[in-house]
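Reading through the C-alpha cells given below for one structure.
Computed from the coordinates by the stated procedures, all read-outs in this text should not be read as laboratory data. Because the structure is a prediction, the values reported are computed rather than measured. As a convention, Cβ positions derive from the backbone with ideal geometry for all residues, glycine included, and neighbour counts pool all protein chains shown.
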Amino acid sequence: MDMKQVLKEELLHYINENGKHFENKLLNEAVNVSAKINDILRMGNIDLLKNARKLIYFIINRNNDELVSFAKQEGVAWAEHSLTLALKLEWVQAIRRTLWQIISKLNVEKDLKIQDSEFFELEQVVNDQIDQFLNNFFLSYSDYKDQMLFKQREIVEHLSVPIIPVSDTVSVLPLIGSIDSFRVQIIEEKVLNEIAVTRIQTLVMDLSGVATMEKNVIDDFRMIIAGVDMMGSKTVLTGLRPDLVREMVRYGISLQKDAETKGTLRETLKKYL
C-alpha cells in the first residue's frame with residue numbers, strides 16, 4: 001500500500017481512538033487558549049477542539065476547497081465575536097505541532113519507515129495547507145472587520161448630517177469639521193432623499209464650521225447643489241469662511257450659479273422665517 005495512504009489511515013485511526021489524549025496534547029501546547037476555551041465556546045459557540053479535528057481531517061484528506069471555506073467561516077466567526085488573532089494563531093500552531101508529534105510517534109511505533117523524500121513531501125503538503133488555512137482566515141477576519149468599520153463610519157456620518165426643519169418649507173443643514181470624499185457622498189444621499197420625502201423648498205447649508213475642502217470635494221459639493229436645484233429646491237449657503245472662499249477662488253469654482261449666499265445663519269433665518 002502507498003505510504004501516503006498508510007499514514008493517512010493511521011493518523012485518522014489514532015485521532016479517532018485516542019481522542020481525549022489528542023485533545024490534552026493540544027491544550028498543553030496552547031496554554032493561553034486552554035485558559036479561555038470555555039469562554040470562547042460560550043461567547044461565540046466556537047468549539048475549538050471539534051474544529052481542530054475538522055481542520056486535521058481536511059489536511060489529511062487534502063480537501064483544499066473545504067479547508068479554504070472552513071477558514072473563511074472561522075475568520076468571520078472570530079471577527080464577529082471580537083476574538084483576538086493572537087489566540088487563533090497560538091491555537092493553529094498548537095495543531096501544527098501536535099500533528100507532527102503524532103506523525104513522529106506513529107512512524108516509530110508502527111515502523112512506517114518514512115523515507116526522507118516522502119517526509120519532505122509530507123512536510124510541504126501539511127505546512128502549506130495549514131498556512132493556506134491561516135492566510136484565508138486572516139483575510140476573512142480582516143475583510144469582516146473592515147466592513148464593520150465602514151458600516152460604523154457610515155452610521156456616524158449620517159448622524160453628523162442633521163437636516164433640521166425650521167418651517168414647513170425651510171430646513172437647515174449645519175456642517176461641522178472636515179469634509180472628505182466619503183462624507184460628501186453621505187451628504188448628497190441624505191440631502192436628496194430628504195428633499196424627495198419632505199419636499200422642502202429651501203435648504204440652508206451653514207458652512208461656518210467647515211474651514212477647508214479639497215478641490216475634488218468642492219466639485220462634488222457643487223454637484224449636490226445642482227442636484228438640489230434639479231429637484232425644485234433652492235440652496236442657501238451661509239457662513240462661508242475666508243479660507244474656504246480663497247480655495248474656491250484659487251480653483252476657479254463658483255457656487256453662486258445654483259445657490260444663494262448669505263453671511264450668517266441668523267441673517268438667513270430672519271429672511272426666510
Open item on the list: With viscosity set to 0.692 mPa s at 37 °C, what whole-number translational diffusion coefficient in µm²/s follows for the range 3-150 from Stokes-Einstein and a Kirkwood radius over Cα pairs?
Closed with: 204 µm²/s
Task: Rounded to 5, the percent of DSSP beta bridges in the range 123-263 classed as antiparallel - done: 10 percent
Task: Rel. contact order, % - alpha carbon contacts under 8 angstrom, at least six apart, the range 164-272 - done: 28 percent
Task: Extension gain from Glu154 to Gln185, taking 0.36 nm per residue of separation minus the Cα-Cα distance - done: 10.2 nm
Task: Length added when fully stretched, Glu9-Lys54, from 0.36 nm per residue minus Cα-Cα - done: 14.7 nm
- [ ] Can you tell me the FRET efficiency between Ser167 and Ile253 if r is taken as the Cβ-Cβ distance and R0 is 30 Å, rounded to the nearest 0.05?
- [x] 0.50
Task: Within straight-line cross-link reach of Lys145, lysines at Cα separation under 24 Å, skipping those fewer than 8 residues along the same chain - done: Lys36, Lys72, Lys88
Open item on the list: Looking at the range 147-254, I'd like the Rg to Rh ratio, where Rg is from alpha-carbon atoms and Rh is Kirkwood's inverse mean 1/r.
Closed with: 0.96
Task: Ellipticity estimate at 222 nm from DSSP helix runs (n ≥ 4, -39,500 (n - 2.57)) divided over the chain, nearest 500 - done: -23000 deg cm²/dmol
Task: Degrees between helix 64-80 axis and first principal axis of the chain (Cα, 0 to 90, nearest 10) - done: 50 degrees
TODO: Compute the acute angle (0 to 90°) between the alpha-carbon long axis of helix 215-230 and the principal axis of greatest extent of the alpha-carbon atoms of the chain; round to the nearest 10°.
DONE: 60 degrees
TODO: With label points built 7 Å along Cα→Cβ from the Cα atoms of Asp146 and Asp111, find their separation and express it in nm.
DONE: 5.5 nm
Open item on the list: With a cut-off of 8 Å between alpha carbons and a minimum separation of six or more residues, what is the relative contact order of the range 3-150 in percent?
Closed with: 35 percent
Open item on the list: Using Cα-Cα distances under 8 Å and only pairs 6 or more residues apart, what relative contact order does the chain have, in percent?
Closed with: 14 percent
Task: With Cα atoms, 0 to 90° folded angle of helix 48-61 axis to the chain main axis - done: 70 degrees
Task: Principal axis box of the chain, alpha-carbon based, largest edge first, Å - done: 95, 38, 29
- [ ] Express in whole angstrom the spacing between the alpha-carbon centres of the range 78-96 and the range 174-236.
- [x] 44 Å
Open item on the list: On a full-extension model of 0.36 nm per residue, what is the gain between Met231 and His81, subtracting their alpha-carbon distance, rounded to one decimal in nm?
Closed with: 49.6 nm
Task: Separation of the Val245 and Asn127 label points, Cα + 7 Å toward Cβ, nm - done: 6.8 nm
